[in-house]
Structure formats: C-alpha cells, structure tokens
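A short write-up of the structure that comes next.
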Amino acid sequence: MMNVEKIADFFAERSFDIEGIYRLVIQPKSVLREFKTEKHGFLFTVSGEAIMRVNGTTYNLHPGSVFHAAPNMVMDSQVIGDAAFEYYSLFYRFDKQGDALDLIGDQHYTLEAGFNPSVTEALMMIHRQAAIRESITRLRVKQLFLGILHHVLMASKHRDQEDSPRRRVADEAASYIHEHFMHPLTLDGLAELHGMNANSFSYYFHKYKGIRPIDYLVDYRMERARELLQTGHYSIRDIAASVGYGNPLYFSRLFKKKFGVAPTAYRDGQD
C-alpha cells in the first residue's frame with residue numbers, strides 16, 4: 001500500500017509540468033498486449049473495469065481507481081466485463097536536475113478514491129485546456145490537477161483507514177501463498193486460515209489484489225515453473241510436483257493456458 005503522505009510530499013516539494021492528457025475508451029474484451037511505458041503519468045478510471053499487469057503486479061481498475069506508472073515499466077491490460085473501459089491518461093514531467101529523485105516518483109501503484117463526478121469534470125476541463133500553451137492556462141491546468149490529486153489522496157487515505165484490516169488479510173494471504181505454493185491449497189483452507197468464510201475472503205482478496213485467490217495461486221505457480229523450465233535441467237513431472245501439481249498433464253494445460261505454449265516447447269526453446 002502506497003503512503004499517501006509521501007505522495008503528497010513528493011508533489012508538494014517538486015516542480016513539474018503537465019505534458020498532456022488523453023481520454024480513451026477501450027471496447028469490452030479488448031486486450032492491450034505487453035509494452036514498455038515512456039513517461040510518468042496517472043490513469044483515472046471513469047467507467048468500466050480492466051485488469052492491468054505492471055512488472056508482474058496485477059491491478060484491478062474500476063471507477064474511482066487512480067493508477068500511477070513511471071518510464072520503462074512493462075505493462076499489459078485487458079478489459080473485463082461487458083462495459084467499455086473509459087479513462088483519462090495524464091502525463092507529467094518534473095525536473096530531476098540537482099535533486100535526488102524520491103522513489104515515489106518511479107514506482108507503480110494505485111489509489112482507491114471512489115468515483116466522484118467532480119473529478120471527472122475537472123479532468124474534462126484539463127483535457128480541453130492542456131494543449132493551450134498560454135501561461136495563465138498552464139497555471140489553471142496545474143491548479144486543476146493539484147485539486148484532483150488532493151481529493152484523490154484524501155479520499156484514498158480515508159478508505160485505507162476504514163479498510164486496512166481487510167487489506168492486511170489480503171497481503172498476508174498473498175505472502176502465505178508465496179511461501180506455501182508447493183503444498184495443496186484450497187480457497188476454503190486459505191479463508192479459514194485467515195478467519196473468514198470463503199466468499200468474503202475471495203471478495204476482499206480480489207478487491208485488493210485485482211485477482212481471485214486461486215487464480216493468484218495458479219499464476220504464482222506458473223511463474224515459478226517458468227523459472228525452473230528456463231534452466232532446462234528438470235523433467236516436466238518434477239517441475240509439476242515442485243509447484244504443487246501431482247498430475248503433469250494438468251500442470252501442462254495450466255502452463256499453456258497462461259503462456260500460450262506447452263512447458264516442453266518452452267523448455268526446448270531455451271536452448
């Protein structure tokens with residue numbers, strides 16, 4: 001969880017310019033394949049829902065979600081549900097000269113402020129004025145952005161205070177999966193371990209991790225299997241067993257579903 005006070009300090013203490021803002025509408029079921037980011041920026045979700053993966057971290061974006069990224073991050077996304085995904089991308093540039101860059105500026109994170117029509121209205125105003133280079137207009141654009149950022153940080157801080165126990169459960173569950181992925185794990189077992197029923201546990205895990213707990217487990221196992229396959233020293237049966245699957249055929253189906261290639265072909269391609 002990103003510290004909102006540190007984000008506020010970062011933007012309060014540095015000189016920056018708004019480089020542009022763009023409104024985009026992505027149709028349902030669309031997939032944006034992997035690419036590398038080039039600028040610092042925020043993504044403000046207006047409507048719809050999407051899954052975004054950045055440097056191996058998965059985020060669930062929905063109305064009220066604000067996502068931040070920096071240059072040279074590997075990203076892909078997919079629109080989920082039956083509605084189009086509408087958002088504003090706002091890019092900014094700051095002066096690094098003579099200043100040791102705070103890590104906040106070069107991290108990816110999300111803020112959950114909740115949907116607010118006044119934020120959308122302010123984004124629309126920035127969108128209309130951002131291309132105008134007159135000093136007064138540029139000042140107005142920055143003023144609008146800082147107002148949006150202030151609202152987002154305050155709302156996110158309030159929601160974090162309310163939801164922190166459930167967020168902590170999701171974080172602890174993810175850490176448990178990382179440490180025990182090679183053992184048999186079930187939704188009921190994970191939920192019971194964290195003192196919740198299966199439905200509530202799955203809901204809050206998805207809320208804070210952007211993915212259902214068993215899907216998270218499978219993804220983590222497949223990433224570990226891929227690392228083993230890259231060495232080329234282990235049989236498929238041994239790799240399947242090492243990541244929690246006694247049936248190598250079932251493991252192979254899961255691996256191909258995630259990476260689009262069978263594990264044997266992936267291993268042979270490393271030569």
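The values are calculated or read from the model by the stated rules, or taken from the named source; none is laboratory data. On a predicted model such as this, the values are computed, not experimentally measured, just so you know. A quick note on method: Cβ atoms are made from the backbone with ideal geometry, for glycine too, and the neighbour counts reach across all protein chains shown. We work out accessible area using only protein heavy atoms, side chains counted, and drop any ligands, DNA or RNA first. Shrake-Rupley method; radii C 1.70, N 1.55, O 1.52, S 1.80 Å.
Brief remarks on what is shown
- Test: GLY244 is at positive phi, over 22 Å from the mean Cα position of the chain (by Cα), surrounded by fewer than 17 Cβ atoms within 10 Å (Cβ to Cβ) and not in a helix (DSSP H, G or I): no
- Enumeration of residues in the range 43-98 that are surrounded by fewer than 16 Cβ atoms within 10 Å (Cβ to Cβ), in contact with an Asp or Glu (Cβ under 9 Å, 6 or more places away or on another chain) and free of Cβ contacts under 8 Å to residues at least 40 places away in the same chain: SER47, PRO71, ASN72
This table checks each residue for (1) of a type outside the set (S, T, N, Q); (2) touching a His at 6+ places or on another chain (Cβ under 9 Å); (3) within 27 Å of MET196 (Cα to Cα).
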{"site": "GLY64", "(1), (2), (3)": "yes, no, yes"}
{"site": "PRO71", "(1), (2), (3)": "yes, yes, no"}
{"site": "ALA83", "(1), (2), (3)": "yes, no, no"}
{"site": "TYR92", "(1), (2), (3)": "yes, yes, no"}
{"site": "ASP95", "(1), (2), (3)": "yes, no, no"}
{"site": "HIS108", "(1), (2), (3)": "yes, yes, no"}
{"site": "LEU111", "(1), (2), (3)": "yes, yes, yes"}
{"site": "ARG128", "(1), (2), (3)": "yes, no, no"}
{"site": "PRO165", "(1), (2), (3)": "yes, no, yes"}
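- Among the residues of the range 197-227, the one identified as within 21 Å of VAL54 (Cβ to Cβ), more than 18 Å from the chain's Cα centre (by Cα) and of a type in the set (A, V, I, L, M, F, W, C) is MET222.
- For the range 190-204, a residue qualifies if it is over 11 Å from VAL169 (Cβ atoms) and assigned to a loop (DSSP other than H, G, I, E, B), and exactly one does: ASN197.
- The listed residue being of a type outside the set (Gly, Ala, Ser), open to solvent by 30 Å² or more (accessible area, probe 1.4 Å) and either within 30 Å of TYR245 (Cα to Cα) or touching a Ser or Thr at 6+ places or on another chain (Cβ under 6 Å) (or both), out of HIS150, HIS158, HIS183: HIS183
- Residue count for the range 186-196, restricted to those that are open to solvent by less than 40 Å² (accessible area, probe 1.4 Å) and either of a type in the set (Gly, Ala, Ser) or over 25 Å from the mean Cα position of the chain (by Cα) (or both): 2.
- Condition met for SER77 (touching a strand residue (DSSP E or B) at 6+ places or on another chain (Cβ under 6 Å) and either at pLDDT below 90 or farther than 30 Å from VAL31 by Cα (or both)): no
- Conditions (1) open to solvent by 50 Å² or more (accessible area, probe 1.4 Å); (2) of a type outside the set (Phe, Trp, Tyr); (3) touching a residue at least 60 places away in the same chain (Cβ under 8 Å): number failed by ARG168: (3)
- HIS233 satisfies every condition listed in (1) assigned to a loop (DSSP other than H, G, I, E, B); (2) modelled with pLDDT under 90; (3) buried (at least 16 other Cβ atoms within 10 Å of the Cβ) except (3).
- Residues located in the range 2-33, provided they are assigned to a helix (DSSP H, G or I) and of a type in the set (A, V, I, L, M, F, W, C): VAL4, ILE7, ALA8, PHE10, PHE11, ALA12
- Scan the range 197-212 for residues that are surrounded by fewer than 20 Cβ atoms within 10 Å (Cβ to Cβ) and among the charged types (D, E, K, R) and the total you get is 2.
- TYR250 fulfils the conditions (1) touching a helix residue (DSSP H, G or I) at 6+ places or on another chain (Cβ under 9 Å); (2) open to solvent by less than 50 Å² (accessible area, probe 1.4 Å); (3) in a helix (DSSP H, G or I) except for a single criterion, (2).
- Selection count where residues are open to solvent by 40 Å² or more (accessible area, probe 1.4 Å), farther than 26 Å from ILE211 by Cβ and either touching a Pro at 6+ places or on another chain (Cβ under 9 Å) or modelled with pLDDT under 95 (or both), scope the range 15-42: 5
- Once the range 123-136 is narrowed to residues that are part of a helix (DSSP H, G or I) and open to solvent by 20 Å² or more (accessible area, probe 1.4 Å), the residue that is nearest to GLY41 (Cα to Cα) is HIS127.
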